[in-house]
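To start, the structure itself, in structure tokens.
The values are calculated or read from the model by the stated rules, or taken from the named source; none is laboratory data. Predicted, not measured: the structure shown is a model, and the values here were computed from it. With ideal geometry, Cβ positions are generated from the backbone for all residues, glycine too; neighbour counts draw on all protein chains shown.
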């Protein structure tokens, strides 16, 4: 594939998690969630970018103008609600790279949809994981980014002194998320995504992620009824604490809801 400058920039943006929504979310991650925002704080968070402000406004269901949004959402509901809106934006924009460059690759045709499904699956287990719903969601949303970067690098024939394998990509992306201020749970989930299961830090979360990921890939390729032919690792199901049948019922119910 002939790479132009834009293609290379798109890949670097994916690898370094550079997008307006990601930057806004990262700015929020560094704040105390109980901090009361002022107008100048919000302008700093958005870098005074009207485009990012309008985008964040669009994810709020009240259709507020800026004045009402600032008063009722920024001041009224605060950082945690803004974070939820920012997460919606990130899930919308983070996976656009493959649409432009990798559309002919089968594994990327439904990459964003599978990532969002996995994010919602992890979110449904937030209580069992002892994590917030947002952190559980983000751990699922970012879980497959190392795979995306590995495949993009190979398909675009990008040469790098760093490892192009998914394990190396997982380390790079986890380091970037840590630099951005994301929780140790999220960064460790990404870092461990390609490690041997015996070495991971959060066995329950990894078991849920790996079984869910396998199921959503199977559904993408062969349809939801194909789960009858899928037999996840018994040890992972034991850690999750549910039967194969029950887990697939949960997954199918989630597909219907989302």
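Summary table below
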read-out: Qualifying residue in segment 193-211 (condition: assigned by TED's automatic domain parsing to the domain that holds residue 149, in contact (Cβ under 8 Å) with a residue 60 or more places away in the chain and in a loop (DSSP other than H, G, I, E, B)); value: yes
read-out: Residue that is modelled with the highest pLDDT, among those in segment 10-23 that are over 11 Å from residue 180 (Cβ atoms) and touching a helix residue (DSSP H, G or I) at 6+ places or on another chain (Cβ under 8 Å); value: 21
read-out: Test: residue 121 is over 11 Å from the mean Cα position of the chain (by Cα), buried (at least 21 other Cβ atoms within 10 Å of the Cβ) and at pLDDT 70 or above; value: yes
read-out: Selection within segment 173-192 - assigned to a helix (DSSP H, G or I) and in contact with a helix residue (DSSP H, G or I) (Cβ under 7 Å, 6 or more places away or on another chain); value: 173, 174, 177, 178, 180, 185, 186, 187, 189, 190, 191
read-out: Unique match (being loosely packed, with under 13 Cβ neighbours inside 10 Å and at pLDDT 90 or above) among 246, 210; value: 246
